[in-house]
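J.: Quick one: the structure is below, and I'll ask about it shortly.
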Amino acid sequence: MKLGHIAAACLSLALGTSALAQQPTVLKIGYATSKESHYGVGSTVFCDEVEKGTQGRFKCQHFANSALGGEREQIEAIQLGTQDLVNTSTGPVGNFVPEVKIVDIPFLFRDYDHARKVMDGPIGQDILTKFPSKGIIALAWTENGFRHMTNSKRDIVKPSDAAGLKMRTMENKVHMDGYRTFGILPTPMAFPELFGALQQGTVDGQENPIPVILASKFSQVQKHLSLTGHVYSPALLLLSPKVWNKLSDADKKVFVDAAKKAAVAQRKKVNDDENNGIAQLEKDGMKVTKVVDGAAFREALKPAYAGYAKEFGADNIKKITDVQ
Ligand code: PAF
């Protein structure tokens, strides 16, 4: 081979190697609803910010609509390192990090302002520090929203209207203990099975925030929506330690800052859906009960609250309700 050819071969090898070195790391991110939904909006902002902040060294591949399984399965995959990121409700999270369970108590938060203040304040931030010892990195609280009941049988104004309904719930004992006091028959089920179960009448109803009811087109399989707002459903952006442990300190900051921006965008989408989505669901044929007897639901919950006080400490619950 002539000298010129050898030089050219070396150059192209070097260029090839540097091109290889510049290949971005592709992170798999999963969530339950569509890319246009609140989870998709938050996840997209996160991924765009990470890509920008790392000069394209990291990119995401989105797996919307539960393409990687239910939220419990995805959290397990995060621990194993077979999935990089999940934007998930706290539904199954307390089974991994018990300190999370307290924020799943029904009627704990007065409204969105209260909930967001607690999650972003010392109480919520302290809970995030409990994740690494369970093999999960919690980058930030995002949001699913206040949950409302839908069903195929009747309007729900007070607990006695809900009594006897077979309702799909998340795999969350705190919720189930509370919902039993309303007389509901809680049926825990992974979210990907829910649409079919509603369609086939295996369950009468379910409860989820407006953004989920919209994105999942539950208006096609449920007639009645009652704005019970019976529990706030926080969400989290979780990362696998397999990714985190390889990041430089500067990249770790990029990831955390990106997650905070994702939370802002996700919460804004929740607000927008709360403001515009109910009218849309009515147009889609749902009968919406806007005024419910919140006091009667709270009264019914009293026995469950006695259990929560025992499990989590009345003082700790009060610390949350006292946040103004
Ligand atoms: O009902 C659930 O399981 C959750 O609210 C969902 C829809 C998976 C979103 O986090």
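Each reported figure results from applying straightforward, stated rules to the coordinates on display, with no laboratory input. Not measured: the values here are computed from a predicted model. With ideal geometry, Cβ positions are generated from the backbone for all residues, glycine too; neighbour counts draw on all protein chains shown.
J.: For the pair Val288 and Ala67, how long in nm is the line joining their label points, each one 7 Å along Cα→Cβ?
T.: Distance between label points: 3.1 nm.
J.: For Lys246, which lysines qualify as cross-link partners when the Cα separation must be under 24 Å and same-chain residues fewer than eight apart are set aside?
T.: Lys28, Lys52, Lys59, Lys130, Lys134, Lys260, Lys261
J.: I've got another one for you. Can you list, largest first and rounded to whole Å, the semi-axes you get for segment 138-232 by taking the square root of 5 times each eigenvalue of its Cα gyration tensor?
T.: Values for segment 138-232, descending: 19, 16, 13 Å.
J.: Would you report the distance distribution of C-alpha pairs in segment 246-292 as whole percents per 10 angstrom bin, up to the bin with the largest distance?
T.: Result, from short to long distances: 23, 28, 20, 16, 12, 2 percent.
J.: Grab every C-alpha pair in segment 16-84, bin the distances at 10 angstrom width from 0 up to the longest one, and report whole percents.
T.: Spelled out bin by bin, segment 16-84 gives 21, 43, 28, 8, 0 percent.
J.: Once Lys and Arg get +1 and Asp and Glu get -1 on their Cβ, which of Gln199, Gly56, His175 lies farthest toward the positive end of the dipole of the chain?
T.: Gly56
J.: Rank His224, His175, His114 by mean-square fluctuation in a GNM of the chain with C-alpha springs under 10 angstrom and give only the top-ranked residue.
T.: Fluctuation is largest for His114.
J.: Quick check on segment 189-324: what does the Kirkwood estimate of hydrodynamic radius come out to from the alpha carbon pairs, in Å?
T.: 18.5 Å
J.: On to the next question. Determine by what factor the alpha-carbon radius of gyration of segment 50-192 differs from 2.2 N^0.38 Å, reporting the quotient.
T.: Here the Cα radius of gyration is 1.19 times the empirical estimate.
J.: Just report the Cα centroid separation between segment 28-107 and segment 240-303, whole Å.
T.: 12 Å
J.: Who wins for biggest fluctuation among Leu239, Leu247, Leu194 in a Gaussian network model of the chain, springs between alpha carbons below 10 Å?
T.: Among Leu239, Leu247, Leu194, the largest GNM mean-square fluctuation belongs to Leu247.
J.: To the nearest 10 degrees, how steeply does helix 38-53 sit against the main Cα axis of the chain, on a 0 to 90 scale?
T.: For 38-53 against the chain, the angle is about 20 degrees.
J.: Only Lys, Arg, Asp and Glu count, each charged at its Cβ (+1, +1, -1, -1), so figure out the dipole size of segment 77-177 about its Cα centre, rounded to 20 debye.
T.: Taking the Cα centre of segment 77-177 as origin, the dipole is about 360 debye.
J.: Between Val157 and Ser248, what is the spin-label point distance in nm, taking each point 7 Å from the Cα along the Cα→C-beta axis?
T.: Result for the modelled spin labels: 6.4 nm.
J.: Just to be sure I follow: if Rg is taken over the C-alpha atoms of the chain and Rh is the Kirkwood radius over the same atoms, what is Rg/Rh?
T.: We get a ratio of 1.07 for the chain.
J.: Return the percentage of antiparallel bridges among DSSP beta bridges fully within the chain, rounded to the nearest 5 %.
T.: 55 percent
J.: If I model a spin label as a point 7 Å beyond the Cα along the Cα-Cβ vector, how far apart are those points for Lys318 and Lys134 in nm?
T.: So the label points at Lys318 and Lys134 sit 2.7 nm apart.
J.: Read phi for every residue in segment 151-162 and hand back ³J(HN,Hα) as whole Hz from Karplus 6.51 cos²θ - 1.76 cosθ + 1.60, θ = phi - 60°, with x for Gly and Pro.
T.: 7, 9, 9, 7, 5, 10, 10, 9, x, 5, 6, 7
J.: For segment 70-123, list log₁₀ I(q)/I(0) at each q in 0.15, 0.21, 0.29, 0.30 Å⁻¹, using the Debye formula over Cα point scatterers of equal strength and ignoring solvent, two decimals each.
T.: -0.51, -0.85, -1.13, -1.16
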